[in-house]
1. If a residue must be open to solvent by 30 Å² or more (accessible area, probe 1.4 Å) and under 22 Å from S227 (Cα atoms), how many such residues does region 7-20 contain?
2. Cβ-Cβ below 8 Å, separation at least six or inter-chain, first residue in region 65-78 and closer than 14 Å to S219 by Cα, second assigned to a helix (DSSP H, G or I) and not aliphatic (A, V, I, L, M): which pairs?
3. Name every residue in region 143-179 that is assigned to a helix (DSSP H, G or I) and modelled with pLDDT under 80, in order of residue number.
4. Does A114 satisfy being in contact with a Pro (Cβ under 6 Å, 6 or more places away or on another chain), open to solvent by 20 Å² or more (accessible area, probe 1.4 Å) and at pLDDT below 90?
5. For A23, indicate whether it is among the aliphatic types (A, V, I, L, M) and surrounded by 16 or more Cβ atoms within 10 Å (Cβ to Cβ).
6. Checking the condition within 22 Å of T95 (Cβ to Cβ), crowded, with 18+ Cβ neighbours inside 10 Å and of a type in the set (V, I, T), which residue from I121, I181 passes?
7. Mind listing whichever residues of region 210-233 are modelled with pLDDT under 95 and among the polar types (S, T, N, Q)?
Amino acid sequence: MYRPVDLARAHGLSAQAVRNYEAAGVIPPARRTASGYRIYTDDQAAALTAYVALVRGYGFQPAGKIMRLVLRDDLPSALAIVDAAHVLLQRDRETLDQVTTAATVLASSSTSVASGPNAAISVGVLARRLGVTPATLRKWERVGILAPARSRTVRVYSPEDVRDAELAHLLRRGGYLLSHIAAVIEQVHAAGGAGPLATSIEQWRERITARGRAMLTGSARLADYLSCLDSPGQDPPG
């Protein structure tokens, strides 16, 4: 038997936080003594361990949904949320790979972004340079890859626009989707160029790795709790 403070102490939480989690339905309800005090068992202890680990890996909202579904005995829906989170993590890894490629291209002196320091070119000139049609460039503009200025009704591509177009062309030849390429270009702009972008890539990779490990731990603690539910007479795993 455990008091709220006993469960809380194991995770660096307050006793009130444990009571709040119970009220939110992410751990099973406690038994009550004759005087109204909460008494928790191994069931709540294992559920709390799973929930705290899921929060670290998946975030508060997904973790709460997962635990509520598990407690309602809807495991397929709970696992669907886990699966969806891993799909998003894989997309983040793919985007990071694309941004890494973009950083390499940006840092390469072989990438010519313009014929002069302030040169701007037309859609026809840029299309011929890349070996694509003007319609392709307009399509890239619609999905957010390019944002050329207008001179009256004519599109005008700055050196930065040309750089973005050359990156998009390279990534497109590599088989990347336009939506992914748009995300890469957004990262290039947010970083402020090749140097800052290259510096941020390793930190980004470390964050993705840390999130992957936290998700792995969260899934493991959830599996532990599911084992407890399958064997209600046994103590929860360590």
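1. Taking region 7-20 and keeping what is open to solvent by 30 Å² or more (accessible area, probe 1.4 Å), we get 9-14, 16, 19-20.
Then drop every residue that is not under 22 Å from S227 (Cα atoms), which leaves 10-11.
Number of matching residues: 2.
2. Cβ pairs passing all conditions: I66/Y58; M67/Y51; V70/Y225; A78/K65.
3. If the condition is that a residue be assigned to a helix (DSSP H, G or I) and modelled with pLDDT under 80, then L170, L171, R173 are the ones that fit.
4. The answer is yes for A114.
5. no
6. Values: I121 fails: within 22 Å of T95 (Cβ to Cβ).
Every option except I181 fails the conditions.
7. Of everything in region 210-233, those that are modelled with pLDDT under 95 and among the polar types (S, T, N, Q) turn out to be S227, S231.
Each row is one residue, and each column tells you yes or no for (1) open to solvent by 90 Å² or more (accessible area, probe 1.4 Å); (2) outside any loop (DSSP other than H, G, I, E, B); (3) modelled with pLDDT of 95 or more; (4) of a type in the set (D, E, K, R).
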| site | (1), (2), (3), (4) |
| --- | --- |
| A63 | no, yes, yes, no |
| L79 | no, yes, yes, no |
| L126 | no, yes, no, no |
| V132 | no, no, no, no |
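The values are calculated or read from the model by the stated rules, or taken from the named source; none is laboratory data. Please read all numbers here as calculations on a predicted model, not as lab measurements. Positions of Cβ are backbone-derived with ideal geometry, glycine not excepted, and every protein chain shown enters the neighbour counts. Heads up: the accessible areas ignore ligands, DNA and RNA and are worked out on the full protein's heavy atoms, side chains in. Shrake-Rupley method; radii C 1.70, N 1.55, O 1.52, S 1.80 Å.
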